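The values are calculated or read from the model by the stated rules, or taken from the named source; none is laboratory data. These figures come from a predicted structure and were not determined experimentally. Every residue, glycine among them, receives a Cβ derived from its backbone with ideal geometry; neighbour counts consider all protein chains shown. Please note that ligands, DNA and RNA were not included when accessible areas were found on the heavy atoms of the full protein model with its side chains. Shrake-Rupley method; radii C 1.70, N 1.55, O 1.52, S 1.80 Å.
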Amino acid sequence: MNLSQTCDVAVIGLGAMGSAALYQLAKRGAKAVGIDRFRPPHDQGSTHGETRITRQAIGEGAFYVPLALRSNEIWKELEAETGERLLTQNGCLIVEAASPVSTGVIRNAFLERTRKAALAYDIPHEMLDAAEIHRRYPQFTPREDEIGYFEPGGGYLNPERCVGVQLEQARALGAVTELGTQVISVAQTGDGVRIVTDRGELSAGQVIVSAGAWALSLLGEPFKKLLSPSRQVMHWFEVDPDFRQHWANSPVFIWSHGPSPNDFFYGFPSLSGSKAIKTAGEQYDAFVDPDEIERTVTPAESDAMREEHLSGRVQGLRARALRAVTCLYTVTPDSNFLIDRHPESDRILVVSPCSGHGFKHSAAIGEVAAQWVLDGQCRIDVSAFALSRLRVAA
Ligand SMILES: Cc1cc2nc3c(=O)[nH]c(=O)nc-3n(C[C@H](O)[C@H](O)[C@H](O)COP(=O)(O)OP(=O)(O)OC[C@H]3O[C@@H](n4cnc5c(N)ncnc54)[C@H](O)[C@@H]3O)c2cc1C
């Protein structure tokens, strides 16, 4: 690359958000270049591991609902264009105590907030008591005081294929991708942005930074103070033969079972051809440098997953995990997304990171980003994700 290479918009980071943004830019005819230090889809960032839950009523905040609904439309458009299976709507079950105790900012009264979002947006759903949950899904054994919210339109996405398909479509529409290329710095000049990489330089009219857990090291302050990457682990447990049918037909599930934000886990059905289910908890206790993260998962970590979350709640799984891998969440102080112009560089739009629930919204976030840089405004209101709310709080 050299500075004679110019483009309308450069997208730095081609994971969930960046691949969606590049696709949407190319669809609108922009001269777009996407840059990634790895070769997406890859397993070094936040977007790997076969599955991501998607829901329509969003308990993290009703302002997310338009992003989730629009994303589903885009996934379906992509499926029709490419013949790929990206979205499986096998239903989503949320389990929580009928009178939950506080579990921190993001998932406090999560089930009730989900139900209210469903009512506000007319999203089909059912409320189930513990006995009914167990009757329908014998693999789940909730306590008597726990209830369920079931959304038939929920389900899961294939994150690797979503990224792959959007990059393929972007290239087919004329976008250029520079893979295995690390961006070292981004700086606004008079009428553009200068991007220095380990393979040369590039100038762009505008830049979208969707670098996930690396956004803070690339952008510096104020992002360094506001973004916290954390190490997460996904585990695959083998299904007992007696429960194969139940797990194959299972909805995705999210289960909050205690007062700490860590008293939370989720999981998926066994996928076709697999004898295991994927399940995971969440850990926010230690923040990590994404280049230094410990990628090895010890058997003790999978044992803790079983003892702290699965035991007594889900049935039909063997004790030992078949495999486990790490992944990265990046969270803001209020756990909501950050999508805004850089405070000192109005040609730089930051659309990453998006915490532990961003994937389901990523197709629409890519569209929002493309509309924002090309038209100066976007059709979905993303003012809830403005940088100013975090700076005021700080
Ligand atoms: C274990 C786990 C489970 C999750 N479950 C769900 C779920 O069920 N449902 C849901 O909706 N969401 C879920 N999420 C969240 C969702 O996956 C993330 O919000 C989303 O994938 C974040 O995408 P991103 O584009 O911000 O980051 P990434 O996909 O990591 O993309 C960032 C990209 O930037 C590149 N990059 C970084 N720095 C540079 C640089 N200097 N130069 C060039 N390239 C660079 C990286 O190589 C990477 O490809 C989960 C996340 C994890 C980790």
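Summed over the stretch 312-335, the residues that are away from the ligand (no atom under 14 Å from the Cβ) and surrounded by fewer than 17 Cβ atoms within 10 Å (Cβ to Cβ) give a count of 7. In the stretch 298-326, the residues that are within 24 Å of residue 44 (Cα to Cα) form Cβ pairs under 6 Å with partners that are surrounded by fewer than 13 Cβ atoms within 10 Å (Cβ to Cβ), at six or more places apart or across chains, as follows: 326/295.
Taken over the stretch 1-29, the criterion of being at pLDDT 95 or above and of a type in the set (Val, Ile, Thr) is satisfied by 9, 11, 12. Scanning the stretch 80-95 for residues that are open to solvent by 40 Å² or more (accessible area, probe 1.4 Å) and in contact with a Lys or Arg (Cβ under 8 Å, 6 or more places away or on another chain) turns up 84, 85. Residue count for the stretch 120-134 satisfying the condition of being surrounded by fewer than 20 Cβ atoms within 10 Å (Cβ to Cβ) and closer than 11 Å to residue 65 by Cβ: 3. Taking the stated definitions as given, is residue 22 in contact with a helix residue (DSSP H, G or I) (Cβ under 8 Å, 6 or more places away or on another chain), assigned by TED's automatic domain parsing to the domain that holds residue 185, part of a helix (DSSP H, G or I) and in contact (Cβ under 8 Å) with a residue 12 or more places away in the chain? Answer is yes for this residue. Here residue 7 clears all of (1) within 11 Å of the ligand (Cβ to nearest atom); (2) over 15 Å from residue 363 (Cα atoms) except the condition numbered (1). For the stretch 265-284, the candidate set comprises residues that are farther than 15 Å from residue 325 by Cα, buried (at least 20 other Cβ atoms within 10 Å of the Cβ) and away from the ligand (no atom under 12 Å from the Cβ); within that set, the residue that is nearest to the chain's Cα centre (by Cα) is 269. Checking 98, 117 one by one, the residue that is closer than 21 Å to residue 65 by Cβ and either in the same structural domain as residue 239 (by TED's automatic domain parsing) or surrounded by fewer than 21 Cβ atoms within 10 Å (Cβ to Cβ) (or both) is 117 and no other.
If you go through the stretch 270-309 and keep only what is under 18 Å from residue 240 (Cβ atoms) and of a type in the set (Lys, Arg), you end up with 275, 278, 306.
Yes or no, residue by residue, for (1) open to solvent by 10 Å² or more (accessible area, probe 1.4 Å); (2) free of Cβ contacts under 8 Å to residues at least 12 places away in the same chain; (3) under 26 Å from residue 187 (Cα atoms):
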position: 11; (1), (2), (3): no, no, yes
position: 17; (1), (2), (3): yes, no, yes
position: 31; (1), (2), (3): yes, no, yes
position: 43; (1), (2), (3): yes, no, no
position: 56; (1), (2), (3): yes, no, no
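Restricting to the stretch 352-373, name every residue that is of a type in the set (A, V, I, L, M, F, W, C) and either within 12 Å of the ligand (Cβ to nearest atom) or not assigned by TED's automatic domain parsing to the domain that holds residue 342 (or both). Of everything in the stretch 352-373, those that are of a type in the set (A, V, I, L, M, F, W, C) and either within 12 Å of the ligand (Cβ to nearest atom) or not assigned by TED's automatic domain parsing to the domain that holds residue 342 (or both) turn out to be 354, 359, 363, 364, 365, 369. Residue check: residue 152 meets all listed conditions (1) open to solvent by 50 Å² or more (accessible area, probe 1.4 Å); (2) within 16 Å of the ligand (Cβ to nearest atom); (3) touching a His at 6+ places or on another chain (Cβ under 8 Å) but one, namely (2). Scanning the stretch 176-229 for residues that are farther than 23 Å from residue 371 by Cβ, in a helix (DSSP H, G or I) and more than 9 Å from the ligand (Cβ to nearest atom) yields 216, 224, 225, 226. Taking the criterion of being away from the ligand (no atom under 15 Å from the Cβ) and assigned to a loop (DSSP other than H, G, I, E, B), the residues of the stretch 25-44 that qualify are 28, 29, 30, 31. Answer yes or no: is there a residue in the stretch 156-177 that is on the phi > 0 side of the Ramachandran plot and surrounded by 16 or more Cβ atoms within 10 Å (Cβ to Cβ). Checked the stretch 156-177: no residue is on the phi > 0 side of the Ramachandran plot and surrounded by 16 or more Cβ atoms within 10 Å (Cβ to Cβ). Taking the numbered list (1) in contact with a helix residue (DSSP H, G or I) (Cβ under 6 Å, 6 or more places away or on another chain); (2) surrounded by 15 or more Cβ atoms within 10 Å (Cβ to Cβ) in turn, residue 197 passes all entries but (1).
Before we move on, is residue 381 more than 13 Å from the ligand (Cβ to nearest atom), assigned to a loop (DSSP other than H, G, I, E, B), within 25 Å of residue 282 (Cα to Cα) and in contact (Cβ under 8 Å) with a residue 24 or more places away in the chain?
On the way: more than 13 Å from the ligand (Cβ to nearest atom): yes; assigned to a loop (DSSP other than H, G, I, E, B): yes; within 25 Å of residue 282 (Cα to Cα): no; in contact (Cβ under 8 Å) with a residue 24 or more places away in the chain: yes.
Judged against the criteria, residue 381 is not a match.
crowded, with 24+ Cβ neighbours inside 10 Å, at pLDDT 95 or above and at negative phi: is that true of residue 68 in this structure? Judged against the criteria, residue 68 is not a match.
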